[in-house]
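What follows is calculated from the coordinates using simple rules that are stated; it is not laboratory data. Here the structure is a predicted model, which means the values were calculated and not measured. In this analysis, Cβ positions are derived from the backbone assuming ideal geometry, glycine residues included, and neighbour counts consider all displayed protein chains.
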């Protein structure tokens with residue numbers, strides 16, 4: 001077994017009891033509840049989840065960063081096409097560069113449950129309907145005491 005870890009991740013891994021996570025794992029979003037088979041993306045700083053019908057109450061079309069703190073309504077849809085509609089508060093809005101453009105993405109806090117452990121993380125809401133992976137778990141999750149297993153166990 002080979003483990004890929006950065007210095008900060010090692011610290012979190014050792015301090016929090018050290019758990020190994022595989023490239024794909026089931027995660028429950030406690031607020032739903034709804035289960036996603038997520039892919040670990042060590043290239044992503046923040047986790048991302050498939051969301052549709054995103055609306056912000058009182059949205060400022062001219063500058064989305066002014067929407068921080070406003071109520072947000074969205075629908076999460078997993079790989080089985082199961083869905084749950086949630087209400088939250090916009091915690092952050094960030095400009096993200098994709099392969100062909102730049103776009104604004106809303107971020108909310110969601111509680112991820114992995115093997116009985118709950119971790120509250122900032123997650124970006126993104127229409128991932130064109131992708132097989134409806135949820136990507138980023139390095140933010142690894143800092144809670146997880147290491148990535150690469151290759152065969």
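Would you mind putting 72-81, 115-124 in packing order, based on average other-beta-carbon counts within 10 Å, highest first?
By packing density, highest mean first, the sequence is 72-81, 115-124.
Of all beta bridges DSSP finds with both residues in the chain, what is the antiparallel percent, to the nearest 5?
Rounded to the nearest five, the antiparallel share is 80 percent.
In deg cm²/dmol, rounded to 500, what helix-only [θ] at 222 nm does the chain give when every DSSP H run of at least 4 residues adds -39500 (n - 2.57) and the total is split over its residues?
Helix contribution divided over all residues of the chain: -2000 deg cm²/dmol.
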